[in-house]
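*Asks:* The structure's right below; bear with me while I get my questions together.
Any read-out appearing in this document is the output of simple, stated calculations on the displayed coordinates, not a laboratory observation. Remember, it's a predicted structure, so these values are computed and weren't measured experimentally. Don't worry about glycine lacking a Cβ; one is built from the backbone with ideal geometry, like all the others, and counts go over all protein chains shown.
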Amino acid sequence: MSRVRRGFKARRRKNKIFKLAKGFHFDRRTTYRQTAETVKRAMHFMYKTRRLFKRDMRKLWIIRIGAASVQLGTSYSKFMGALKKSDIQINRKMLADVAARDTEAFKAIYNTAVK
């Protein structure tokens, strides 16, 4: 049985990793072993940061809604409780956007929920 030369497949596999390492500096981009390790680490941070981003955005929305509801004379938790009781189904992202951009609309939502 003849020996298999792995040139094409191995190069294809390495090139896939090198393409992901675009923008890295020095050996992190040129040496395969270090590149593979760095890319693996970067992929892990990408995964982790996507979740952290979601968490941070939810915190921001809550802060914005809380600030707007305090200006109208109630706390965040009481306002959200009133929304639930009055069966107004609007998510925090949209509420925060309305609170930041259109105070009159937020006041209308508040009055509908609290009444």
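*Asks:* Less than 15 Å Cβ to Cβ from A108, Lys/Arg counted +1 and Asp/Glu -1: what total charge do the surrounding residues give?
*Replies:* It works out to a net charge of 0.
*Asks:* I need to check one value: relative contact order of the stretch 7-114, counting alpha carbon pairs closer than 8 Å and at least 6 residues apart, in percent.
*Replies:* Relative contact order of the stretch 7-114: 19 percent.
*Asks:* May I ask for the net charge around R64, where only other residues with Cβ less than 14 Å from the Cβ of R64 are counted and Lys, Arg are +1 while Asp, Glu are -1?
*Replies:* The answer is +2.
*Asks:* Let me ask something else about it. What dipole magnitude, in Debye to the nearest 20, does the chain give about its Cα centre under +1 on Lys/Arg Cβ and -1 on Asp/Glu Cβ?
*Replies:* 1540 debye
*Asks:* What whole-number volume per residue, in cubic angstrom, does the convex hull of the C-alpha atoms of the chain give?
*Replies:* 175 Å³
*Asks:* Given only helices, namely DSSP H runs of n ≥ 4 each adding -39500 (n - 2.57), what is the per-residue ellipticity at 222 nm of the chain, to the nearest 500 deg cm²/dmol?
*Replies:* Calculated mean residue ellipticity at 222 nm is -25500 deg cm²/dmol.
*Asks:* Please name which of N91, F18, M57 has its Cα lying farthest along the dipole of the stretch 1-102 towards the positive end, using unit charges on Cβ (Lys, Arg +1; Asp, Glu -1) and the Cα centre as origin.
*Replies:* The Cα lying farthest towards the positive end belongs to F18.
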